[in-house]
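The values are calculated or read from the model by the stated rules, or taken from the named source; none is laboratory data. Just so you know, these numbers come straight off a predicted model, no measurement behind them. Neighbour counts are summed over all protein chains in view; Cβ atoms, including those assigned to glycine, are modelled from backbone coordinates with ideal geometry.
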Amino acid sequence: MTDQSFTDYLQENILDPLNMTSTGFSVSDFPERQAAPHERVQGVLSKCGVVKLPFYDRRLIGGGGMVSTVTDLAKFMIAHMNDGESNGFQLLEPESIDAMHGKAISFPPQSPAVGYGYGWIQRNDNPARRIDMRGSQGHGGEDMGYQSSMWFVEKEQGGFGIVMLTNINESFKQNIVGVSTIYNKIEELLLREASSRY
């Protein structure tokens, strides 16, 4: 129990200890480093077009609404890959990390995900599938004009992962199959490259 606001709690207990100095709760926190959001709009009788959106804040803190960088999200992911510890700071106890990364819910065989833990998705590791996510786990998110992904693969000795942020999305008139396929293929390629460097 705390008397702090949720944002103050996150700042004091996660962002500051992990040295996530480029992560905040408003586009005004880092105005010089913001990527303008864009939406790909599918026309009924016209070609696809891209629309630049104004900067905006989404006050969904707790379910989204943060701004960050690849470097900062990598720090958060590394803590998850290291039993909750990063540079001497214990973000979460190893037992909590195990529970988050475990399979609390299973998905149907045709799904690209095989299970869901506590906020953590487990992806398939079957090379015969259309998209091979190499058994990665992590989470993604999206909002108007933005998408994010954070996936890693645990090995007995270490592991490897990717963080991807884009400033384009299809929230207005979505082609779900097209967007998810393209995005998943990019994730797959990045994971394959990370795997080769591991």
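Give the residue that is surrounded by the fewest Cβ atoms within 10 Å (Cβ to Cβ), with candidates limited to residues of the range 155-181 that are under 21 Å from Pro37 (Cα atoms) and modelled with pLDDT of 80 or more. The qualifying residue surrounded by the fewest Cβ atoms within 10 Å (Cβ to Cβ) is Asn167. Is the range 124-144 home to any residue that is in contact (Cβ under 8 Å) with a residue 12 or more places away in the chain, over 30 Å from Ala36 (Cβ atoms) and in contact with a Pro (Cβ under 7 Å, 6 or more places away or on another chain)? Yes: the range 124-144 contains one or more residues that are in contact (Cβ under 8 Å) with a residue 12 or more places away in the chain, over 30 Å from Ala36 (Cβ atoms) and in contact with a Pro (Cβ under 7 Å, 6 or more places away or on another chain).
Taken over the range 60-94, the criterion of being over 26 Å from Gln34 (Cα atoms) and modelled with pLDDT under 90 is satisfied by Asn87 alone.
So that you can scan it fast, the table gives a plain yes or no per residue for (1) in contact with a Leu (Cβ under 7 Å, 6 or more places away or on another chain); (2) small (Gly, Ala, Ser); (3) farther than 20 Å from Gly140 by Cβ:
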residue	(1), (2), (3)
Pro31	no, no, yes
Val50	no, no, yes
Ile61	no, no, no
Asp83	no, no, yes
Ser86	yes, yes, yes
Pro112	no, no, no
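Can you tell me which residues in the range 122-154 are hydrophobic (A, V, I, L, M, F, W, C), within 19 Å of Lys185 (Cβ to Cβ) and either surrounded by fewer than 19 Cβ atoms within 10 Å (Cβ to Cβ) or at pLDDT below 85 (or both)? Within the range 122-154, Ala128, Ile131, Met133 qualify.
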